[in-house]
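The values are calculated or read from the model by the stated rules, or taken from the named source; none is laboratory data. Since this is a predicted model, take the numbers as computed values, not measurements. So basically every Cβ, Gly included, is an ideal-geometry build from the backbone, and we count neighbours across all protein chains shown. For accessibility, only protein heavy atoms count, side chains too; no ligands or nucleic acids. Shrake-Rupley method; radii C 1.70, N 1.55, O 1.52, S 1.80 Å.
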Amino acid sequence: MPSEQVYSLLFQSRDGASSLYILFGGIVDPVSSRIDRFEVVAVGNSELINIPLSGTTFKDITNVCQKIKYEGKQLKNLTNKLQELFSNSGRSDDFMEQLIHYINKREDDKIKYLVNQIQNQAMGNSKPDISLWYSLIDRDKIDEAGSGKSSFESLDSEEAQEDSAPEEAPIIPIGVPTGIDASIPPTAARVQFKFILSPVSGIPVNQLKPGDQIVVQLTGSDPTTMGIIDSMKLKTEDGSIKPIPATVVATENKGVENETIVKIGNDVFGKIYEEENSIKVRLYTGEKPVSKSSGSNTSTASNASLEAGESSLLLTVLIALGVVGIGMIAIFVFLL
């Protein structure tokens, strides 16, 4: 039998190094030791989840997550992976026993540790900054919005406009990407990357346009990105990742913020947020850097060729001296 009071558990995870940001809201039943309901979304722009957790309800978090997904601004593969992991953890007796114990004891650091263990399964080892908020609420108040409307006024106004919109207004199905995200095929692999910069000869990021060839480097530790790194054999012996060419598919400039979508390979896409218009991105010229191994092979080949030439010359000289010697012996015998 479900308990009459449950915990509303909310958290934000921010990993600036990999540009991965997560918003989570869940309902934890302390009696049945289960996560009854939860909503989670992963994004590449911290501003999308920049809301205060204090005074925020599970319903508020749900609204924000669904809005992000509706607009197609989530990192779809990572979001789906997190949904699977939290769903499995919410049914795990061992995990739930620890989680509820730490919530009851208000041991925030240990709660954050548990949460990060789940995230690391999706993102690889990372040390994000996790903000946490939880409170005991009546079950019949789960679907109530918070009293602090300032963070959700835009969302509420949009919902009001949708309610009052004429019946003939077009309806966009939930989950259909909009804006530049619509340029990414739904079946495409989505990876994390960074620009390779060229301060002198590069092109300013806000001047990039579809069709431009640039140089990027895959950086994410999520399963999709790591899988592409392995399949393309981009990791070197020293552990670094080789830069690769990419084609700009779509761009959008919002003042100082720039969003760029690139295509890498046949069905691999990536999206990046950049907040500085002044940075210059290296253009791809088609030239391939000569690796140390290839340089060594070239040098070895040259040395071998030189040694062969020297050996041939020495043999020729020896033959000539032999002929001269035979001639002199013949002349000496004839004179005698």
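Kirkwood radius for the range 17-58, taken over all pairs of different Cα atoms as the inverse mean of 1/r, rounds to 12.0 Å. On a per residue basis, the range 1-120 carries 43 Å² of accessible surface, using protein heavy atoms and a 1.4 Å probe. For the range 1-50 versus the range 86-124, the spacing of their alpha-carbon centroids is 11 Å. Ordering of 64-74, 104-114 by packing is 64-74, 104-114, highest average first (other Cβ atoms within 10 Å, averaged per residue). May I ask you to give the percent of accessible area on the range 190-253 that is carbon plus sulfur, with a probe radius of 1.4 Å? Of all accessible area on the range 190-253, carbon and sulfur atoms account for 53 percent. Of interest is the spacing of the C-alpha centroids, which for the range 208-275 and the range 54-69 amounts to 30 Å. Computed from the C-beta positions of residue 232 and residue 31 and an R0 of 56 Å, the FRET efficiency is 0.65 to the nearest 0.05.
Mind scanning 69/127; 194/254; 81/280 and naming the pairs with a C-alpha gap bigger than 30 Å? 81/280, as the Cα separations exceed 30 Å there.
Please give the contour-minus-distance gain from residue 278 to residue 140: 0.36 nm per residue of separation, less the Cα-Cα distance, rounded to one decimal in nm. Before the final figure, lay out each step's value.
Values: separation 138, 0.36 × 138 = 49.68 nm, distance 5.16 nm.
Gain in length upon complete extension: 44.5 nm.
If R0 equals 22 Å, the separation of the Cβ atoms of residue 267 and residue 213 corresponds to a calculated FRET efficiency of about 0.75.
Of the solvent-accessible surface of the range 5-141, computed with a 1.4 Å probe and all protein chains present, 43% belongs to carbon and sulfur. If R0 is taken as 41 Å, the Cβ-Cβ distance between residue 94 and residue 240 corresponds to a FRET efficiency of 0.60. Based on the Stokes-Einstein relation at 10 °C and a viscosity of 1.306 mPa s, and on the Kirkwood radius from alpha carbon pairs, the range 187-282 is assigned a translational diffusion coefficient of 117 µm²/s.
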